[in-house]
1. Can you tell me which residue is nearest to residue 34 (Cα to Cα) among those in segment 65-90 that are loosely packed, with under 14 Cβ neighbours inside 10 Å and modelled with pLDDT of 70 or more?
2. Scan segment 26-64 for residues that are among the charged types (D, E, K, R) and surrounded by fewer than 15 Cβ atoms within 10 Å (Cβ to Cβ) and jot them down.
3. Can you report the number of residues in segment 49-64 which are among the basic types (Lys, Arg) and either under 20 Å from residue 39 (Cβ atoms) or modelled with pLDDT under 90 (or both)?
4. Between 105, 3, 93, which is within 25 Å of the chain's Cα centre (by Cα) and at pLDDT below 95?
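The values are calculated or read from the model by the stated rules, or taken from the named source; none is laboratory data. Not measured: the values here are computed from a predicted model. Glycine also receives a Cβ, built like all others from the backbone with ideal geometry; neighbour counts cover every protein chain displayed.
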Amino acid sequence: MGPRILRLVAAAVLAAPLAGCGPGTGEVTGRVTFRGRPVTAGSVVLFCPGKRIARGVLGPDGAYAIANVPVGDAAVALRFSPPADALQMGGRPLRPDELPPGPPPGIPPRYTVPEESGLAVRVAPGRVVYDIELLP
């Protein structure tokens, strides 16, 4: 082995532990329920370090998945949207001013404010499962 090859090998060995350093990202998945039933209309919003926001839409079973979430502690809030069948009245689409405001009946509005929701998740590299059971 020549000196140039030795230097390249040494540089690669020294640089290997540095690969992947830095904050990184993870994936947050879970399910949102209220009184044991899935919450199906809306999204989960993560307020991450560095003032970054990540969001995942709720599915028909209350499941959500959010990729590329910065590692660290994140405050959590929910944004609610009316279910698809509530978007029409008498066969016509509802105007935005006709949509019901806030969360579905029974769910406290505090869940829409990250500082008041009481919800938080610690995001780590890889996948983090964070199920959310909303309380009345």
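1. Step by step, filter segment 65-90, then rank; the result is 65.
2. 35, 37, 51, 52, 55, 61
3. Residues in segment 49-64 being among the basic types (Lys, Arg) and either under 20 Å from residue 39 (Cβ atoms) or modelled with pLDDT under 90 (or both): 1 in total.
4. From the options 105, 3, 93, the qualifying one is 105.
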